[in-house]
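The values are calculated or read from the model by the stated rules, or taken from the named source; none is laboratory data. Here the structure is a predicted model, which is why all the values come from computation and not from measurement. Note that we place each Cβ from the backbone using ideal geometry, even for glycine, and neighbour counts take in every protein chain shown. When the accessible area is computed, the model is the full protein with side chains, heavy atoms only, and any ligands, DNA or RNA have been set aside. Shrake-Rupley method; radii C 1.70, N 1.55, O 1.52, S 1.80 Å.
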Amino acid sequence: MAGNNDSNKITRDYLDSLLIEQRLIDSTLPSAKTVILGKEYSTPIMNAAFSHLEKAHPGYPQAMAEGFKGAGALNMWGMSTDEEMEKIYATGADTIEIIKPYAEEKEIFHRIEFALSHGAVAVGMDIDHAYGRNGAYDEVGGIKMEPKSLEQISKYVEAAEDKPFVVKGVLSASDALKCVKAGVKAIIISHHHGIFDGAVPPLQILPEIKEVVGDNIEIYADCGFDTALDVFKALAIGAKAVSVSRAILDKTYNTGAEGVTKEINSMTAELVSIMGRCGFATTDSINDSVLWSR
């Protein structure tokens, strides 16, 4: 990534350009409880779809899952071996398994079946790992990827049976509408932490996506959300939940599940304080009327 086209910097600058006004009179102590995919959680803060974390920090994926469970938060995980995922599921954390867009369809259906058989609350696909930077389809760990069609995604939704299917990597109203058509229950607005240069910030495109999909699909936000204030801004713009775990990772991989739970609880408490200062009693009531542009 180079210069002014660094998508992560563009996203950070956009987040920082949003300011909030204070509304204290008649405010009450808020609740951060949030219903995601039909189940209530203690916070709208959720995990990101980490992949290969076991290699860098052995044992930490399970600790992070346990930490999210301890905080009453929704866990999400990405590309991992069956053995690694079994350890994550064994924690009992409510988990969404996000599958890469493998070129080999059999692997996708295996992963869907694996997730269902291990009690995933939802299963999904990370569609933005489709292209590399070399004029070819992407490869992850030597495994070939490819973009997916509306027909293919519809088949994955069907294979998930009664579990919600989630698509991560949506960054346009066009893809969002196709997800609705396919029967997807939730989308994650994301550029995969700068997987390509010059990407529109998730929160900048989110209002347009929200306008075209309405209440037909839940919208979550991902990429560069480091603080409770960032989470609040995402909720105000229309996200239902927000992935913040990159910010949590560096602070907690030496402290295990207890450290993860403590960090999520601390961030949630700060979110509640911001909600109170802005006059919002619930996460669902937060709206963009309190936002200003710098």
Can you find, within region 177-196, the residue that is surrounded by the fewest Cβ atoms within 10 Å (Cβ to Cβ) among those that are in contact with a helix residue (DSSP H, G or I) (Cβ under 6 Å, 6 or more places away or on another chain), of a type in the set (Gly, Ala, Ser) and farther than 24 Å from residue 9 by Cα?
183
Please state which of the following conditions residue 40 fails to meet, knowing it meets all the rest: (1) modelled with pLDDT of 95 or more; (2) open to solvent by 50 Å² or more (accessible area, probe 1.4 Å); (3) more than 19 Å from residue 186 (Cβ to Cβ).
(3)
Output the residues belonging to region 48-64 that are farther than 15 Å from residue 186 by Cα and either at pLDDT 95 or above or within 12 Å of the chain's Cα centre (by Cα) (or both).
50
For region 184-225, what are the residues that are farther than 13 Å from residue 171 by Cα, hydrophobic (A, V, I, L, M, F, W, C) and in contact with an Asp or Glu (Cβ under 7 Å, 6 or more places away or on another chain)?
186
Within region 105-144, the residues that are of a type in the set (Gly, Ala, Ser) and assigned to a strand (DSSP E or B) are 122, 124
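Out of region 230-240, which residues are touching an Asp or Glu at 6+ places or on another chain (Cβ under 8 Å) and at negative phi? Talk me through it step by step, then tell me what you get.
Residues of region 230-240 touching an Asp or Glu at 6+ places or on another chain (Cβ under 8 Å): 236-238, 240.
Once the filter is applied, which keeps residues that are touching an Asp or Glu at 6+ places or on another chain (Cβ under 8 Å) and at negative phi, region 230-240 yields 236, 237, 240.
This table checks each residue for (1) touching a Pro at 6+ places or on another chain (Cβ under 7 Å); (2) of a type in the set (Gly, Ala, Ser); (3) farther than 28 Å from residue 211 by Cβ.
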{"site": "237", "(1), (2), (3)": "yes, no, no"}
{"site": "257", "(1), (2), (3)": "no, yes, yes"}
{"site": "260", "(1), (2), (3)": "no, no, yes"}
{"site": "263", "(1), (2), (3)": "no, no, yes"}
{"site": "269", "(1), (2), (3)": "no, yes, yes"}
{"site": "286", "(1), (2), (3)": "no, no, no"}
Residues of region 98-146 being within 22 Å of residue 183 (Cα to Cα), modelled with pLDDT under 95 and hydrophobic (A, V, I, L, M, F, W, C), which ones?
130
I'd like to verify a number: residues in region 96-143 that are open to solvent by 40 Å² or more (accessible area, probe 1.4 Å) and under 16 Å from residue 51 (Cβ atoms), how many?
5
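Run down 183, 256, 238 and say which single residue is at pLDDT 95 or above and more than 15 Å from the chain's Cα centre (by Cα).
Numbers: 256 fails: at pLDDT 95 or above; 238 fails: more than 15 Å from the chain's Cα centre (by Cα).
Only one candidate qualifies: 183.
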Number of the condition not met by residue 67 [criteria: (1) surrounded by fewer than 23 Cβ atoms within 10 Å (Cβ to Cβ); (2) within 30 Å of residue 278 (Cβ to Cβ)]:
(1)
Inspect all residues belonging to region 154-161 and state whether any of them is under 27 Å from residue 65 (Cβ atoms), open to solvent by 70 Å² or more (accessible area, probe 1.4 Å) and small (Gly, Ala, Ser).
no
Examine region 226-242 for a residue that is of a type outside the set (D, E, K, R), without any contact (Cβ under 8 Å) to a residue 12 or more places away in the chain and open to solvent by less than 40 Å² (accessible area, probe 1.4 Å), and state whether such a residue exists.
no
Find the residue count for region 197-213, including only residues that are open to solvent by 10 Å² or more (accessible area, probe 1.4 Å) and touching a helix residue (DSSP H, G or I) at 6+ places or on another chain (Cβ under 7 Å).
6
Pick from region 1-37 the residues that are acidic (Asp, Glu) and closer than 30 Å to residue 124 by Cβ: which of them is surrounded by the fewest Cβ atoms within 10 Å (Cβ to Cβ)?
16
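Answer yes or no as to whether residue 92 is surrounded by fewer than 23 Cβ atoms within 10 Å (Cβ to Cβ) and free of Cβ contacts under 8 Å to residues at least 12 places away in the same chain.
Numbers: surrounded by fewer than 23 Cβ atoms within 10 Å (Cβ to Cβ): yes; free of Cβ contacts under 8 Å to residues at least 12 places away in the same chain: no.
Considered against the rule, which asks whether it is surrounded by fewer than 23 Cβ atoms within 10 Å (Cβ to Cβ) and free of Cβ contacts under 8 Å to residues at least 12 places away in the same chain, residue 92 comes out as no.
For region 184-212, name all the residues that are in a helix (DSSP H, G or I) and not polar (S, T, N, Q). Talk me through it step by step, then tell me what you get.
Initially, region 184-212 is screened for residues in a helix (DSSP H, G or I), giving 202-212.
Hits for region 184-212 are 202, 203, 205, 206, 207, 208, 209, 210, 211, 212.
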Any residue in region 253-264 that is open to solvent by 30 Å² or more (accessible area, probe 1.4 Å) sitting within a Cβ distance under 9 Å of a residue that is in a helix (DSSP H, G or I) and among the acidic types (Asp, Glu)? List the pairs, counting only those 6 or more apart or interchain.
255/263; 258/66
